[in-house]
């Protein structure tokens, strides 16, 4: 359970990691798009995304936050480029 409430237009993300299989092989994380995340929490001024959505964000955006042994990313809503459907 996350107890961090982002302020303003900030969004808290955890990195999205999907296990990719090709035949019997499992591809390493380096094969994936690294700037994908799952929205964990949103600030009061966020209007474009909601918790549990998978998003694409700017590669060099946001600040890394470590909370309860998990690495998260706090990013302004403007640096989110799109939402996966």
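Computed from the coordinates by the stated procedures, all read-outs in this text should not be read as laboratory data. Just so we're clear, the structure is a prediction, and the values are computed from it rather than from any experiment.
Extension gain for residue 36 to residue 70 (0.36 nm times residue separation, less C-alpha to C-alpha distance): 10.7 nm.
Per-residue extension of 0.36 nm, minus the Cα-Cα distance of residue 5 and residue 63, leaves a gain of 19.4 nm for this segment.
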